């Protein structure tokens with residue numbers, strides 16, 4: 001089936017990077033559509049190069065296509081050159097698998113990983129020929145769905161999305177498929193669109209924004225009220241209890257053209273309990289669920305053999321924390337044996353010599369650069385954010401890196417953190433200078449790159465009550481840092497545009513009223529806002545003013561304990577009083593240990609869903625929790641321990 | 001052992017770049033287990049040598065690739081079965097058609113190839129409309145163009161590089177092309193003429209539709225042959241006439 005291909009083909013020799021639109025990846029499917037099957041169009045609201053590697057969409061693509069009652073295809077945001085040609089000729093958005101019109105699918109499912117892609121979502125729905133507002137759609141239109149980390153506050157998109165999925169998607173897509181399949185079988189007539197949405201709202205983990213009415217008192221948001229008695233007041237996230245049950249993707253897509261993360265990716269665990277207070281991913285994906293080592297080994301071996309990649313990344317939020325990481329890495333390197341050289345990448349390196357030790361074991365040949373994320377410049381600041389890395393930990397890591405032949409070190413920091421003083425900001429420069437000094441003992445021209453991002457408070461973190469720094473304050477801190485490092489030989493400072501940080505902040509904690517702003521910005525041509533060359537702050541400030549909304553109120557204001565937050569009707573399992581206590585602890589500069597290896601402090605993520613951390617080895621990581629040197633050997637370890645030699649991957 | 005492959009690049013895969021295709025080959029060597037020689041040094045790469053790069057979105061019936069196989073492992077490679085075996089590891093639309101063992105001292109494809117033949121679709125024009133325009137180009141003694149070299153405009157004459165040009169008889173045109181089709185032989189040495197440059201010398205300039213490379217040719221001592229068959233007799237062009 002090549003529905004729109006004959007119309008698309010003549011346009012492709014006139015656009016940049018036409019291979020974005022042809023599909024044909026290794027592992028791509030040509031599913032057979034039929035009226036009995038629910039057709040999903042899985043979408044990433046950014047370019048192909050950024051969207052294709054998204055592992056969440058690839059997992060769902062396979063799980064859905066394995067079902068007899070579903071088909072799944074993929075689409076990505078066309079770059080503006082192709083978009084113009086499509087609009088000129090009235091050609092709709094299409095799937096890259098069979099080049100079928102997007103409007104012919106039953107569910108259009110977006111992955112939302114970044115706030116600045118929201119206008120692209122509207123643009124893609126519009127390009128599909130579907131009304132952008134949920135209220136304007138009829139039974140003939142696809143259901144517009146979204147999942148991914150940004151959906152923990154979907155309110156800015158509430159008027160545009162029909163359904164929102166919270167948490168892991170592996171199981172819930174089946175339940176959604178069944179509801180939509182029955183609705184389709186009824187000729188889409190059963191209770192019209194409201195009927196199917198009401199049924200979907202009863203699926204655990206599914207939030208249907210239209211089933212809730214916002215209540216305001218003046219400018220204040222008082223909460224959302226369910227429209228019907230059978231609609232849950234609180235929507236809980238979905239959590240897959242055991243990753244071993246989901247060895248996906250089994251056939252990772254191998255694109256013909258270059259994309260980001262262009263390598264084999266094997267997820268070794270989901271969730272993180274380090275408890276970094278700025279990190280939304282670490283909070284909302286709890287508990288820790290490790291994949292059994294045997295399954296990781298077979299997914300790596302099988303994946304390399306099938307794809308022809310010579311690089312594999314072991315992905316997670318903190319891979320060096322995988323229990324038994326050293327043995328796993330040794331096994332993978334040994335298994336490659338005499339075959340072609342394989343590079344094993346760890347996406348997030350722990351800031352200590354142990355982490356570098358593993359990197360040394362992995363990286364053969366050129367040792368160009370290593371990246372660490374101390375996140376803040378002083379111990380005080382790191383206690384506030386609960387990133388409990390001592391200066392000694394960083395210096396031992398940097399010493400290990402330079403002494404093992406690396407010549408460049410990159411350090412990630414956040415600025416605009418709660419309680420941050422100029423001393424904390426300048427502490428970043430101090431750390432960088434000391435790192436260069438350490439490097440001088442080993443190499444003539446050591447290079448330390450400091451990358452600084454402006455902090456955006458996120459829902460379901462202890463910092464969700466914090467008033468974000470203004471653009472001017474962030475820029476002042478960046479200038480301070482730039483001036484302090486100007487004469488430091490070997491130190492380079494890079495930073496993200498604080499203006500983009502401001503807009504992320506508006507959407508990160510915005511309510512439904514922000515929807516009008518997103519629509520206005522999109523109608524004024526503001527797509528691909530996450531691309532520097534396309535981002536325009538005035539589009540956003542003018543749209544805020546047009547709708548009578550105040551950026552200060554949304555971003556820079558500290559929230560109080562009693563304020564109703566726009567996401568209070570959603571649950572990531574975390575108790576709100578736990579998060580509030582953690583916020584108070586942050587302000588008191590009190591750290592919180594990693595609960596994988598210390599007694600449970602009941603954040604709610606495990607107890608609320610009757611699930612537990614699953615780790616592959618009873619041995620706590622070397623160096624203890626977060627390098628704090630805790631004595632872990634003598635303490636009780638409150639986790640489920642897998643039996644040694646548990647061959648889940650083979651069953 | 002050095003081998004030379006001839007392959008096609010047709011259909012959707014034509015929208016991949018030269019660099020994309022090179023990466024597809026590298027993965028195909030690994031998934032197929034072909035014992036290819038690897039360069040020394042910090043970032044080892046398979047020893048493969050392409051001929052003239054094909055522009056993104058152009059198709060080809062005549063692409064070539066030289067590969068160095070590891071010795072002695074190469075002795076176990078079934079050369080006759082290689083095209084079918086390796087094609088299965090490449091994207092749909094890239095198909096190996098022929099393979100031959102060549103001498104390591106043979107000149108590289110880049111050095112040896114002197115011209116390429118092309119089918120160029122001209123959308124919106126009928127056969128008869130195109131004939132007079134082609135006649136003007138063919139009968140011109142010089143075709144001055146200005147091109148950029150190292151950031152500076154340089155005048156050049158395109159005419160010597162146009163070795164052959166005609167409008168294909170509609171019955172001889174590829175079935176999947178619409179509109180009139182040019183058949184051109186364009187030199188690659190001493191300097192290369194691209195199909196887009198040819199289209200630009202027409203007055204008014206012609207629109208470029210689909211473009212398909214038909215052959216890469218080596219002309220030596222008055223004899224013309226394709227790169228895969230050293231010593232073969234000169235190729236005979238069924239349509240050679242106009243120039």
> Over the Cα atoms of segment A:179-326, what Rg and Dmax result, in angstrom?
Replying inline: 21.2, 61
> Dimensions of segment B:133-185 along principal axes (Cα, Å, largest first)?
Replying inline: 43, 24, 16
>> Please check: in the Gaussian network model of chain B (C-alpha springs, under 10 Å), which one of B:184, B:173, B:76 has the largest mean-square fluctuation.
In response: B:76
> Hey, what angle do you get for helix A:293-307 against the long axis of chain A, alpha-carbon based, 0 to 90 degrees rounded to 10?
Replying inline: 60
>> Restricting to bridges with both residues inside segment A:5-222, how much of the DSSP beta-bridge set is antiparallel, in percent to the nearest 5?
In response: 20
>> At R0 = 45 Å, how high is the FRET efficiency between residue B:157 and residue B:104 if r is their beta carbon distance? Nearest 0.05 is fine.
In response: 0.75
>> Out of all Cα-Cα pairs in segment A:106-192, roughly what percent, to the nearest whole number, are more than 16 Å apart?
In response: 53
>> Just to check, using Stokes-Einstein with a Kirkwood Rh over alpha carbon pairs, what's the diffusion coefficient of segment A:5-222 at 10 °C and 1.306 mPa s in µm²/s?
In response: 90
> If we count other beta carbons within 10 Å of each Cβ, what is the order of A:381, A:283, B:199, A:299, fewest first?
Replying inline: B:199, A:299, A:381, A:283
> With each run of n ≥ 4 DSSP H residues scored as -39500 (n - 2.57), what mean residue ellipticity at 222 nm is computed for chain B after dividing by its residue count and rounding to the nearest 500 deg cm²/dmol?
Replying inline: -5000 deg cm²/dmol
>> With angles folded into 0 to 90 degrees, how steeply does helix B:18-32 sit against the dominant principal axis of chain B? Use alpha carbons for both and round to 10.
In response: 30
>> Testing the spin-label approximation: label points 7 Å from Cα along Cα→Cβ at residue A:219 and residue A:185. State their distance in nm.
In response: 5.3
> At 25 °C and 0.890 mPa s, what whole-number value in µm²/s does Stokes-Einstein give for the translational diffusion of segment A:437-529, with Rh from the Kirkwood sum over Cα pairs?
Replying inline: 153
> Once the piece of chain linking residue A:561 and residue A:281 is laid out straight, how much longer is it, given 0.36 nm per residue of separation minus the C-alpha distance between them?
Replying inline: 98.6 nm
>> How shielded is B:22-32 by partner chains, expressed as the average number of their Cβ atoms within 10 Å of its Cβ atoms?
In response: 4
> Under a point spin-label approximation (7 Å from Cα along Cα-to-Cβ), what is the residue A:600-residue B:85 distance to one decimal in nm?
Replying inline: 5.8
> Give or take rounding to whole Å, what are the principal axis extents of the alpha carbon atoms in segment A:365-418, in descending order?
Replying inline: 41, 20, 12
> What span do the alpha-carbon atoms of segment B:2-107 cover on each of the three principal axes, reported in whole Å from largest to smallest?
Replying inline: 38, 34, 29
> How far, in degrees from 0 to 90, does helix A:498-508 lean away from the longest principal axis of the Cα atoms of chain A, to the nearest 10?
Replying inline: 60
> Could you give the Stokes-Einstein D for segment B:113-225 in µm² per second, using the C-alpha Kirkwood radius, 37 °C, 0.692 mPa s?
Replying inline: 223
>> Using a 7 Å offset from the Cα along the Cα-to-Cβ direction at both residue A:245 and residue B:175, what is the distance between the two label points in nm, to one decimal?
In response: 5.3
> Looking only at B:37, B:200, B:175, which one moves most when chain B is put into a Gaussian network model with springs between Cα atoms under 10 Å?
Replying inline: B:175
> How big is the equivalent ellipsoid of segment A:460-511 along its three axes, where each semi-axis is √(5λ) from the Cα gyration tensor, reported in whole Å from largest to smallest?
Replying inline: 28, 11, 10
> For A:378, A:560, B:16, what's the fewest-to-most ordering of other Cβ within 10 Å of each Cβ?
Replying inline: A:560, A:378, B:16
> Taking every DSSP beta bridge that has both residues in chain A, what percent is antiparallel when rounded to the nearest 5?
Replying inline: 20
>> Tell me the relative contact order for chain A as a rounded percent, counting alpha carbon contacts under 8 Å between residues six or more apart.
In response: 14
> Quick one: of the DSSP bridges fully inside segment A:86-191, what percent are antiparallel, nearest 5?
Replying inline: 10
> Quick one: if the Förster radius is 22 Å, what FRET efficiency do residue B:221 and residue B:139 give, using the C-beta to C-beta distance and rounding to 0.05?
Replying inline: 0.15
> Using alpha carbon centroids, what distance separates segment A:521-543 and segment B:153-231, in Å?
Replying inline: 45
> Using 14 Å as the cut-off for backbone N distance, which residues of segment A:429-453 belong to the label zone defined by a point 7 Å from the Cα of residue A:391 along Cα→Cβ?
Replying inline: A:429-438
> Pulled fully out, how much extra length does the chain show between residue A:589 and residue A:133, if you take 0.36 nm times their separation in residues and subtract their Cα-Cα distance?
Replying inline: 159.7 nm
> Considering every Cα-Cα pair within chain B, what fraction, in whole percent, is farther apart than 29 Å?
Replying inline: 35
>> Once the cut-off is 12 Å, how many percent of the Cα-Cα pairs in segment B:55-96 end up in the long-distance tail?
In response: 71
> Between segment A:104-128 and segment B:39-104, how many Å separate their Cα centres?
Replying inline: 41
> For chain B, modelled as a Gaussian network with Cα springs under 10 Å, which listed residue fluctuates most, B:44, B:91, B:123?
Replying inline: B:44
> Any idea what the alpha-carbon Rg over 2.2 N^0.38 Å comes to for the protein assembly as shown?
Replying inline: 1.04
> Hey, with R₀ at 56 Å, roughly what FRET efficiency would residue A:202 and residue A:297 work out to, going by the Cβ-Cβ distance, to 0.05?
Replying inline: 0.85
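Taken together, the values in this text are just the output of simple stated rules run on the coordinates, not laboratory data. Just so you know, these numbers come straight off a predicted model, no measurement behind them. Neighbour counts are summed over all protein chains in view; Cβ atoms, including those assigned to glycine, are modelled from backbone coordinates with ideal geometry.
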